[in-house]
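The values are calculated or read from the model by the stated rules, or taken from the named source; none is laboratory data. Note that the structure is a prediction, hence the values are computed from the model and not measured. Note that each Cβ is placed from the backbone with ideal geometry, even for glycine, and that neighbours are counted across all protein chains shown. The protein model used for the area step is the full one, side chains on, heavy atoms only, and it has no ligands, DNA or RNA in it. Shrake-Rupley method; radii C 1.70, N 1.55, O 1.52, S 1.80 Å.
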Protein chains: 2
Amino acid sequence: MFDQITMIGCGLIGSSIFKALKKNSSIKKIITFDNNKSVMEVIKKENLSDKIVSSSAEAVKNSDLVLISTPSSSFSSVIKEIKGSLKNGSILTDTFSVKKGLKLKLDDINWIPSHPVAGTEKSGPTAGQENLFQNRWTIIAPGTNVKESDIKKVSLFWETMGSKVKVMSPEEHNKILSITSHLPHVVAYNIVKTVMGYDEKIQNDIIRYSAGGLRDFTRIAASDPTMWRDIFIDNSELIIQAIDKFSKNLDEFKKVITDKDGKKLLEIFNKSKELRKSIIKAGQETDKPDFGRK
Amino acid sequence: MFDQITMIGCGLIGSSIFKALKKNSSIKKIITFDNNKSVMEVIKKENLSDKIVSSSAEAVKNSDLVLISTPSSSFSSVIKEIKGSLKNGSILTDTFSVKKGLKLKLDDINWIPSHPVAGTEKSGPTAGQENLFQNRWTIIAPGTNVKESDIKKVSLFWETMGSKVKVMSPEEHNKILSITSHLPHVVAYNIVKTVMGYDEKIQNDIIRYSAGGLRDFTRIAASDPTMWRDIFIDNSELIIQAIDKFSKNLDEFKKVITDKDGKKLLEIFNKSKELRKSIIKAGQETDKPDFGRK
């Protein structure tokens, strides 16, 4: 596959990739670099790089693949730093949750964006798990100016870590993720915000009885703040479309409750169970009750 | 505590209570009855009752505590069936998620409603778990016409199964649960409904990439349909209040995304993490990443 690769940015995703590759791949050298000094300390201490370097430009030298897993808001500054040091013919990829696609002009760089649809609510370099991508999907969303053989190489890269791979356009990617990931996060943040809007006296009770549903939302709402700020800004238009659809449904649902229409409620609930069954069938969820919390 | 108790209704909660009591209590005889014939078959097959009876009236005879864990919509018909057969001085309790409180007149029955805030998305008599109530809260919401000593007995009953107990008014109970449980379920059902509103072509993709957030909502939205129909009808007024607060927050959030106000977004997200920390600290959630799905 690749002899040497570089990762810029070593949070949950970067450190998980390092561990997954060390376990499963034949890549000879993996160089990890992070602009944040305290993250670099963890990289040294936990041996999350085969070589310690002091700049992103130095990190990418001679690498066949460069993977950027910083927050997406740092992308252009990273590109500026590394541009002059990239090996001829090397491939650039990233792990951002929104694919800006062809909006960014990187004519002389062989850029093949990818997005591993995996993660936990934990962030940072100590959160990495070698099996994070196992049985999860990675979406590769290339522009039209890249070689088919390079797309294949990036696919194989993710497959090595146990991931399944799907290639689609950046536009299609952004649309699907606005529904499956961005809208659920919008809603989770707003549930939590609503709950925190109640007065302090009731807050303790809310925390105490959160097992009735609320706590599940707080997991999603505890994801990395910087990453989510960038997602909401990068994909705002499609997310707003999804929110509007959701709000319309919520208004209709409110009417059903106001009317106490039990028949309609049962109809809605039975349909919901079907979607969950499909998700479990597709191997994207465990059917252990309560996520095996006990 | 009690020498003999009766449970009417043997779904997830009833079968969990039976198992929990068998493991932890000194109650001599537990009689379980369910109006549904196929549930009675499971009760026989899985030994979920110390005696097999053929009616709810027969089931409650000589019992010191009668616990009703049917859907709440069956409550009045069950009461009608058992009323004439209750032992003198016996206590009646239930496990409904909405406490109608003093709206129901049961003058000559010693009724002390309780609500174990625990559950999974699984339902039915085969879903029972002996540790379902362990470290969870049970709310006891009595009227004003019952004896303090009887409230103590019901508290001890739940504590025997590992539950923590809090006594509060039915009104307070319904308000808190409308926030911690009913609103999250409203939102989960509507996320799922929104997703299912997209055309079929995109449905497969949605299921495939559901690990990005959506699947967590489908768990909540897969809870028992009949139970949730009853909850939305029984507590409609307070749930509508909670929906209105939520919708207001959602509108504000939409504006923040439209404005691409990154600073404000970070503020919201950092606050969300605090609530989660409190919930973990209160022992109501595991901090295993991703609920230990891997």
Exercise. In segment A:204-251, which residues are under 19 Å from B:D251 (Cβ atoms), assigned to a helix (DSSP H, G or I) and among the aliphatic types (A, V, I, L, M)?
Worked result: A:I233, A:L238, A:I239, A:I240, A:A242, A:I243, A:L250
Exercise. How many residues are at pLDDT 95 or above, open to solvent by less than 40 Å² (accessible area, probe 1.4 Å) and outside any loop (DSSP other than H, G, I, E, B) when one looks only at segment B:161-170?
Worked result: 1
For this session: Would you check which residues across segment B:240-257 are more than 7 Å from chain A (Cβ to nearest Cβ), over 30 Å from the mean Cα position of the chain (by Cα) and open to solvent by less than 80 Å² (accessible area, probe 1.4 Å) and list them?
Result: B:V256
Seminar exercise, completed: Going through segment B:220-236 in order, the residues found to be within 7 Å of another protein chain (Cβ to nearest Cβ) and either over 27 Å from the mean Cα position of the chain (by Cα) or not β-branched (V, I, T) (or both) are B:A221, B:A222, B:P225, B:W228, B:R229, B:F232, B:S236
Seminar exercise, completed: A:D261 fails exactly one of (1) within 7 Å of another protein chain (Cβ to nearest Cβ); (2) more than 24 Å from A:V117 (Cα to Cα), namely (1)
For this session: Quick one: which residue in A:F157, A:F217 is within 28 Å of A:F18 (Cβ to Cβ) and buried (at least 24 other Cβ atoms within 10 Å of the Cβ)?
Result: A:F157
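Being part of a helix (DSSP H, G or I) and more than 11 Å from every other protein chain (Cβ to nearest Cβ) is the requirement here; does B:W158 meet it? Walk me through it before giving the result.
Working: part of a helix (DSSP H, G or I): yes; more than 11 Å from every other protein chain (Cβ to nearest Cβ): yes.
Yes.
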For this session: Just give me the residues in segment B:1-34 being over 21 Å from B:S223 (Cα atoms) and assigned to a loop (DSSP other than H, G, I, E, B), in sequence order.
Result: B:M1, B:F2, B:D3, B:S25, B:S26, B:I27, B:K28
Seminar exercise, completed: All conditions in (1) out of contact with any Ser or Thr (no Cβ under 6 Å at 6 or more places or on another chain); (2) surrounded by 22 or more Cβ atoms within 10 Å (Cβ to Cβ); (3) closer than 30 Å to A:Q241 by Cα are true of B:I139 except (3)
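Assess whether A:K254 counts as being assigned to a helix (DSSP H, G or I) and either modelled with pLDDT of 85 or more or among the β-branched types (V, I, T) (or both).
On the way: assigned to a helix (DSSP H, G or I): yes; either modelled with pLDDT of 85 or more or among the β-branched types (V, I, T) (or both): yes.
In short, yes.
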Problem set entry | Residue count for segment A:6-65, restricted to those that are in contact with a Gly (Cβ under 8 Å, 6 or more places away or on another chain) and either without any contact (Cβ under 8 Å) to a residue 12 or more places away in the chain or surrounded by fewer than 15 Cβ atoms within 10 Å (Cβ to Cβ) (or both) | 0
Exercise. Can you name the number of the only condition in (1) under 19 Å from A:N270 (Cβ atoms); (2) facing chain A (nearest Cβ under 7 Å); (3) modelled with pLDDT under 90 that B:A211 fails?
Worked result: (1)
Exercise. If B:K271 passes every condition in (1) within 30 Å of A:Q134 (Cβ to Cβ); (2) surrounded by fewer than 16 Cβ atoms within 10 Å (Cβ to Cβ) but one, which one does it miss?
Worked result: (1)
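Would you be able to say whether some residue in segment B:173-183 is at pLDDT 90 or above, in contact with a strand residue (DSSP E or B) (Cβ under 9 Å, 6 or more places away or on another chain) and at the interface with chain A (Cβ under 7 Å from one of its Cβ atoms)? Before you say what the answer is, go through the steps one by one.
Quick first cut of segment B:173-183, residues at pLDDT 90 or above only: B:173-183.
If we keep only those that are in contact with a strand residue (DSSP E or B) (Cβ under 9 Å, 6 or more places away or on another chain) as well, we get B:173, B:176-177.
Among the residues that remain, those that are also at the interface with chain A (Cβ under 7 Å from one of its Cβ atoms) are: B:176-177.
Scanning segment B:173-183 turns up at least one residue that is at pLDDT 90 or above, in contact with a strand residue (DSSP E or B) (Cβ under 9 Å, 6 or more places away or on another chain) and at the interface with chain A (Cβ under 7 Å from one of its Cβ atoms).
Kindly indicate which of A:K201, A:K193 is in contact with an Asp or Glu (Cβ under 9 Å, 6 or more places away or on another chain), among the charged types (D, E, K, R) and open to solvent by 40 Å² or more (accessible area, probe 1.4 Å).
Working: A:K201 fails: in contact with an Asp or Glu (Cβ under 9 Å, 6 or more places away or on another chain).
Result of the check over A:K201, A:K193: A:K193.
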For this session: Looking only at segment B:49-72, decide whether some residue is modelled with pLDDT under 95 and assigned to a helix (DSSP H, G or I).
Result: yes
Problem set entry | Hits in segment A:135-155 - residues which are modelled with pLDDT of 95 or more and facing chain B (nearest Cβ under 9 Å) | A:I139
For this session: Collect the residues in segment A:66-100 that are within 13 Å of the chain's Cα centre (by Cα) and open to solvent by 10 Å² or more (accessible area, probe 1.4 Å), keeping them in residue-number order.
Result: A:S69, A:T70, A:P71, A:S72, A:T95, A:F96, A:S97
